[in-house]
1. Of all residues being in contact (Cβ under 8 Å) with a residue 60 or more places away in the chain, within 19 Å of R146 (Cα to Cα) and of a type outside the set (S, T, N, Q) in the stretch 77-94, which is surrounded by the most Cβ atoms within 10 Å (Cβ to Cβ)? Just the residue, please.
2. What are the residues in the stretch 110-145 that are in contact with a Lys or Arg (Cβ under 8 Å, 6 or more places away or on another chain) and farther than 24 Å from Q163 by Cβ, if any?
3. Of the residues R102, R107, R146, R97, only one is basic (K, R), under 19 Å from Q56 (Cα atoms), in contact with an Asp or Glu (Cβ under 7 Å, 6 or more places away or on another chain) and open to solvent by 30 Å² or more (accessible area, probe 1.4 Å); which?
4. Please go through the stretch 149-164 and give me each residue that is crowded, with 17+ Cβ neighbours inside 10 Å and aliphatic (A, V, I, L, M), ordered by number.
5. Name the residues in the stretch 46-63 that are farther than 27 Å from V81 by Cα and charged (D, E, K, R), would you?
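The values are calculated or read from the model by the stated rules, or taken from the named source; none is laboratory data. Model, not experiment: these values are computed from the prediction. We place every Cβ from the backbone using ideal geometry, glycine too, and count neighbours over all the protein chains shown. Ligands, DNA and RNA are excluded from the accessible area calculation, which covers all protein heavy atoms including side chains. Shrake-Rupley method; radii C 1.70, N 1.55, O 1.52, S 1.80 Å.
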Amino acid sequence: MRYVEGAGIAAARPTGPLVRAESQAPEPPPAEEPTFATTAEQAGERPNQYKLVIIQSAGEIDVREHMIRLAHIEAPGADEVCTAEAGRQWPCGARARTALRRLVRRRAINCFEDTENAVPGAPLPADCEVAGINLSEWLVEYGWARPAADAPRKFEQLYNMAQVNKRGLFQPNGR
């Protein structure tokens, strides 16, 4: 072991064995519950994890095994076109899909799939999250989707805030 001393630098030399002192930092608060807890999760079910998914549109995800439709939202299709306040048309569906792709990137998504309400041949409804972010809530919060009739009340509040803040589909210039 080397101790540097000189030019105003002095290092204390230990005189006995080193002992770790107890931390004086307060205990951190307990972790918050995930924001997308569902009845399935409360029943002890574990989500399915999907890696390298393909975002087909803001509301549909190809998980390679099957298609998933994000629960509680109505999102524009990938080829949908919207009209801005000035009358100019813009590719809102493609922009919504791109926003979701940027959120997910190459991360795995976790989904609680609603097999009870599955329709043969249709995408499987699911409540999905990435990195603790509920995808349906995020799309509504940022104005890229509307709450469906079965959506929790929170979705309506997020939707109203997106309108007030002119996010996503509510941008006046339709960027």
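1. To start, the set of residues in the stretch 77-94 that are in contact (Cβ under 8 Å) with a residue 60 or more places away in the chain comprises 82-86, 88-90, 92.
Those left that are additionally within 19 Å of R146 (Cα to Cα): 82-85, 90, 92.
Now drop any that are not of a type outside the set (S, T, N, Q), which leaves 82, 84-85, 90, 92.
Details: C82: 17, A84: 14, E85: 11, W90: 16, C92: 23.
So, considering only residues that are in contact (Cβ under 8 Å) with a residue 60 or more places away in the chain, within 19 Å of R146 (Cα to Cα) and of a type outside the set (S, T, N, Q), the one surrounded by the most Cβ atoms within 10 Å (Cβ to Cβ) is C92.
2. Matches in the stretch 110-145: A122, P123, L124, P125, A126, V130, A131.
3. Numbers: R102 fails: in contact with an Asp or Glu (Cβ under 7 Å, 6 or more places away or on another chain); R107 fails: in contact with an Asp or Glu (Cβ under 7 Å, 6 or more places away or on another chain); R97 fails: in contact with an Asp or Glu (Cβ under 7 Å, 6 or more places away or on another chain).
When all the criteria are applied, what remains is R146.
4. Restricting attention to the stretch 149-164, the residues satisfying the condition of being crowded, with 17+ Cβ neighbours inside 10 Å are 151, 155, 158-159, 162.
Once the filter is applied, which keeps residues that are crowded, with 17+ Cβ neighbours inside 10 Å and aliphatic (A, V, I, L, M), the stretch 149-164 yields A151, L158, A162.
5. Taking the stretch 46-63 and keeping what is farther than 27 Å from V81 by Cα, we get 46-52.
Within the stretch 46-63, R46, K51 meet the criteria.
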